[in-house]
1. Provide the gained length on full extension for the span B:ALA120 to B:MET1, in nm with one decimal, where the gain is 0.36 nm per separating residue minus the Cα-Cα distance.
2. Is any helix in chain A, taking whole DSSP H runs, at least 20 angstrom long along its axis by alpha carbon and on average at least -1.0 on the Kyte-Doolittle scale, and which ones?
3. Closest to the A-onto-B rotation axis, which residue of chain A has its Cβ, and how many Å off the axis is it?
4. Three principal axis extents, largest first, for the C-alpha atoms of chain A, in Å?
5. State to the nearest 20 debye the size of the charge dipole of the protein assembly as shown about its Cα centre, where the only charges are +1 on K and R beta carbons and -1 on D and E beta carbons.
6. In cubic angstrom, how much convex hull volume per residue do the alpha carbon atoms of the protein assembly as shown span?
7. About the Cα centre of the stretch B:5-96, what is the dipole size in debye to 20, counting +1 per Lys and Arg Cβ and -1 per Asp and Glu Cβ, all else neutral?
8. Using the eigenvalues of the Cα gyration tensor, what equivalent ellipsoid semi-axes result for the stretch B:1-49 when each is taken as the square root of five times the eigenvalue, whole Å, largest first?
2 protein chains.
Amino acid sequence: MTYSISEVAKKLNLTVYTLRYYDKEGLMPFVERTPNGTRLFKESDIDALNVIECLKSTGMPIKEIKKFIDWCSDGDSTLQKRYDMFLERKAVAEAQLEELKKTMELINHKCEYYKTAVDAGTEDIHKTNKIGNF
Amino acid sequence: MTYSISEVAKKLNLTVYTLRYYDKEGLMPFVERTPNGTRLFKESDIDALNVIECLKSTGMPIKEIKKFIDWCSDGDSTLQKRYDMFLERKAVAEAQLEELKKTMELINHKCEYYKTAVDAGTEDIHKTNKIGNF
DNA sequence: TGTTGACCTAGAGTTAACTATAGGGTTTAT
DNA sequence: ATAAACCCTATAGTTAACTCTAGGTCAACA
């Protein structure tokens, strides 16, 4: 079973422009073509694109992701590099989690703050009571 | 107690360029100046900047953040809007958390995959055993 | 057979968020 | 009193990641 570029775009919630851009940047050297040049995506290509999206979501720039893809093409000699890279990504993701927790705390606090203020019809309720303005 | 722009930059881990850029974009209408134009940051300004950083970390663009700041200046008539905005941000942050969990799962899986492969000296150990290549 | 709708490339354009430069003022330490 | 170390504005430049356009190929359907 293979997929066209627009099918893959739909599946991964990307545009065909974005997929072609990724290909141009060297992120998809594994995707095969029909004799006339049309891309044919295999199941494993979609798995690889999921990994790419995963790396991107940790804030990894496309040029770094390309390095990883190149290492994959280079075979077993790059295994350690690839392992180290994922360990680093794990650390980044964990830091993001910590950051996100703090963000959620502040947002929850703000939700409380504004709920009280909306109910009171004025923000003064906080100013007079010193529950923290910002 | 007040702070200079470079002190605030250090505190918030931003550059002075970034702070001046935020000011230019209307994110800091509350910051006062000395007679000759130098910005003087109060404690409450730093609190506000923390909120701005919090919103930014949920992916909110600066123009949207400016809207919120404007609402703050507009007073009690915008309380509901501000409340709704934080509820929406809360939903976004929760979605980000879900996304991040999935990301971490994939990364952990990959860490396992590469640990095994590095130990074996080859990636073939997975190809033959079908533990999932990507 | 001809037109619709996919696909393709090359390359230009866009956008957000900085980041830096030029040119100038003020305060502080020697 | 002069140089270092801040501060300022206005404006230009950068970068990443798309996003789009122009111009063209190809397969299927009416």
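The values are calculated or read from the model by the stated rules, or taken from the named source; none is laboratory data. Note that the structure is a prediction, hence the values are computed from the model and not measured. When we count neighbours, we look across all protein chains shown, and the Cβ atoms used for this are built from the backbone with ideal geometry, even at glycine. Areas reflect the complete protein model, heavy atoms only, side chains present, ligands, DNA and RNA absent. Shrake-Rupley method; radii C 1.70, N 1.55, O 1.52, S 1.80 Å.
1. Details: separation 119, 0.36 × 119 = 42.84 nm, distance 6.06 nm.
Gain in length upon complete extension: 36.8 nm.
2. Values: long enough: A:43-57 (21 Å, 0.14); A:79-120 (61 Å, -0.70).
Membrane-span-like by this rule: A:43-57, A:79-120.
3. Nearest residue, distance rounded to whole Å: A:LEU100, 3.
4. Result, largest extent first: 73, 35, 22 Å.
5. The calculated dipole for the protein assembly as shown is roughly 480 debye.
6. Dividing the Cα hull volume of the protein assembly as shown by its residues yields 178 Å³.
7. Details: 15 positive and 15 negative charges, 60 e Å.
The dipole of the stretch B:5-96 has a size of about 280 debye.
8. Working: eigenvalues 39, 32, 23 Å².
Ellipsoid semi-axes (Å, largest first): 14, 13, 11.
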